[in-house]
Each structure stands twice: as structure tokens, then as C-alpha cells.
Amino acid sequence: MVLHPGLADVYAAKISDLAAALNDPESRPEAVEILRGLIEKIVLSPDADAANGHVIELYGELGSILSLCGNGMCQNANAR
């Protein structure tokens, strides 16, 4: 399988946009509810080498999570 060379940059930008939406007092409540609906489960595993001593794994609709935000603002609140 071949991945687009810019995929990592797109992923990083979308995560940054999602973080901005979650940190914006006006969009945070809606962003949190949407994100909760997309995450099926969270698994914490002890790992002495990881930050805070744990590895965090999210399971759910990754494609929908990444499509929630673009250009710094939440644009697709119905991404489910």
C-alpha cells in the first residue's frame, strides 16, 4: 500500500484544528459531544517510557474524527 507523501502533514493539521476547537470556549461543548460520540473506547496501558507513564489508544471512527475540523474551525458537526 502506498500512502500520499503529504498525509502526515494533513493529519497533523487536522489534529491541530481539533485541539483548537476543543480549546475554544464557544465551540468546546459541541466539539466535546461530537468527539464523545465518535470514540468507542479508550485503553490506557502502563508504559514507563511514555509521557505520564501510560500509552493511550483510542478506538472509534478515526475518519470521522479527522473530518470534523478544517481551516482551524469546526465545519462539519454532522460528520457521523
(Q) If I model a spin label as a point 7 Å beyond the Cα along the Cα-Cβ vector, how far apart are those points for A20 and L58 in nm? (A) 1.7 nm
(Q) Between L7 and S45, what's the calculated FRET efficiency when r is the beta-carbon distance and R0 is 30 Å? Round to 0.05. (A) 0.70
Q: Taking just the C-alpha trace of the range 5-51, give me its Rg and Dmax in Å.
A: 13.9, 37
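Here, each number is a calculation from the coordinates, and none is a lab measurement. Owing to the predicted nature of the structure, the values given are computational and were not obtained by experimental measurement. Glycine also receives a Cβ, built like all others from the backbone with ideal geometry; neighbour counts cover every protein chain displayed.
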